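The values are calculated or read from the model by the stated rules, or taken from the named source; none is laboratory data. Everything quoted here is computed from the prediction, not taken from an experiment. Every residue, glycine among them, receives a Cβ derived from its backbone with ideal geometry; neighbour counts consider all protein chains shown. Keep in mind that these areas ignore ligands, DNA and RNA; they rest on the heavy atoms of the full protein, side chains included. Shrake-Rupley method; radii C 1.70, N 1.55, O 1.52, S 1.80 Å.
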Amino acid sequence: MRFGIYVHFPYCLSKCRYCDFFSMTSPAPHEAYAQAIGEELRLRQVQWANRRAGSLYLGGGTPSLWEPTSMEKAMLLIARSVTFDSDSEWTLEANPGTIDAARLAAFRAIGFDRLSLGIQSFDDALLSQLGRRHSGAQARSALAAARAAGFDNLSLDLIYGLPGQTLTAALDDLGQALDTGIEHLSHYELMIDDLETKTPLARDVERGAVSLPGEDAVFEMGQALVERACAAGLTRYEISSFARPGRASRHNQLYWTGGEYLGLGCGAVGFALHDPSRPALGGRRWVNLRDPDRYFGALERGELPEASSEDLDADELFDEWLSLGLRQCAGVDLVEAIQRFELPRSRIDAIHARAEALIARGWEGCLERSDDRLWLTRKGLDLHTELAVRLIG
């Protein structure tokens, strides 16, 4: 069974006002961090021996801040320790303003063949509201520079529902992105509730210093943006993800299909099955230490740098597989679930019964079935969380 590798680079120039991801603004220890990745990989390597990796994803933080020479050392250590498929996909996250022609050429030479640019908007006023350090002009320049460096698989992140944003402005952002011929688009609604930590933007909204578009306006934006992206030749394959044929993110699909991923780095998350040939035996998820001193210290002592871990049994893995799988437009194959998690047919019959009950109670048009395949409609994808909870029971 293939797996993916995720490397977390937590360092940023500054913390964006909406960001809830783990990152820090302290100076990056470029060389020491590369050595730490290699040491963590050594400690974990035995579990992944004789396996083939289908993807590598370097995220953050702002990985494009990592000095290319140090980044290359870390990636070489990984490539020497892990066998990759010949068609494996290597993705690097980057922010405009942290890349130039020389850095992009170096990243391409290291082996990254997919670039994910965190643009969020091309509107300078909206970027300022978000606390982004780049301008719309820098975003356009970054896209052009990436093409010149040989990246023919570009993904772009946009956010809608921003403070003061109108439908016209949201469509203009999308139009500028589509005009560049990107292969992949991740288009997210701004979320300020139910976050792990309350962000500065969330606090400003709470005290009335910043106003967000109303719920109806945001819904209208979302619908219009889906239509525009699909009309431009991108296919929606997940709630927030659109791609040209063959360009869906291989690494992200691991998360949505219950795949395994080796998480490396300060604050990284990883997941491994106890026995890759039998998912029914459960698996383990771990979260690495977020404090750099404690992370480096654990490695110096020859210890895994984990803050916590949890064992998941087949029932728990199935619930996650169902919830995440329903994020995908193709939905889930429940027969596959029976085989994969060695479940009794009654477990699947119960989900079918809940689906029928939901339809009878007015959820018609939100979910559909064909034999044992279940998927959410376009309307249902907008209500994914509530529907997934009700289906799991």
Kirkwood-based shape ratio for the stretch 212-328, expressed as Rg/Rh from alpha carbons: 1.11
P(r) of the stretch 104-144 over all Cα-Cα pairs, binned every 5 Å from zero, in whole percent: 5, 23, 26, 17, 14, 10, 5, 0
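Compute the whole-percent fraction of alpha carbon pairs in the stretch 336-393 spaced more than 16 Å apart. Don't jump to the answer; show the numbers that get you there.
Values: 694 of 1653 pairs.
So the pairs more than 16 Å apart make up 42 percent of the total in the stretch 336-393.
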Overall dimensions of the stretch 237-393 as given by Cα atoms, namely Rg and Dmax in Å: 18.1, 59
The chain: calculated mean residue ellipticity at 222 nm from DSSP helix runs of at least 4, using -39500 (n - 2.57): -12000 deg cm²/dmol
Cα pair distances of the stretch 160-212 binned at 10 Å [whole percent]: 20, 42, 28, 10, 0
For the stretch 316-364: rounded, prolate or oblate by the Cα gyration tensor [a/c cutoff 1.5]: oblate
Loop GluC sites (Glu not before Pro), the stretch 290-393, which have at most 16 other Cβ atoms in a 10 Å radius of their Cβ (DSSP): GLU303, GLU342, GLU364
The chain - accessible surface per residue (Å², probe 1.4 Å): 44
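Compute, for the chain, the length of the dipole vector about the Cα centre, with Cβ point charges of +1 (Lys, Arg) and -1 (Asp, Glu) only. Units Debye, rounded to 20. Kindly include the intermediate steps, with their values, before the conclusion.
On the way: 41 positive and 56 negative charges, 145 e Å.
Dipole about the Cα centre, nearest 20: 700 debye.
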Where only alpha carbons of the stretch 1-65 are counted, the Rg and the Dmax (Å): 14.1, 43
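Assuming R0 = 56 Å, can you tell me the calculated FRET efficiency for the pair ALA224 and ALA49, based on Cβ-Cβ distance, to the nearest 0.05?
0.70
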Reciprocal mean inverse distance between Cα atoms of the stretch 50-139 - Kirkwood radius, Å: 14.3
Cα-Cα P(r), the chain, percent of pairs per 20 Å interval: 26, 59, 16
The stretch 192-267: trypsin sites (Lys or Arg not before Pro) falling in loop per DSSP and having at most 11 other Cβ within 10 Å: ARG207
Cysteines, the chain, no other Cys beta-carbon under 4.7 Å: CYS12, CYS230, CYS266, CYS329, CYS366
Dmax and Rg, reported as Rg then Dmax, of the stretch 180-262 (C-alpha, Å): 16.2, 45
Value of Rg to Rh for the stretch 79-195 (Rh from inverse mean 1/r over Cα pairs, i.e. Kirkwood): 1.02
Within a Gaussian network of the chain (alpha carbon springs, distance under 10 Å), most fluctuating of LEU162, LEU262, LEU212: LEU212
At q = 0.12, 0.17, 0.23 Å⁻¹, base-10 log of I(q)/I(0) for the stretch 1-118 (Debye sum, equal scatterers on each alpha carbon): -0.43, -0.85, -1.43
Surface share of carbon and sulfur [accessible, 1.4 angstrom probe, percent] for the chain: 49
Other-chain or far-sequence residues with amide H under 5 Å of GLY131's (modelled H): ARG17
FRET efficiency estimate (nearest 0.05) - Cβ-Cβ, VAL389 to THR168, R0 30 angstrom: 0.30
ILE5 long-range amide H proximity, modeled H, under 5 Å: SER55, LEU56, TYR57, LEU262
The stretch 318-334 versus the stretch 38-73: alpha-carbon centroid distance in Å: 28
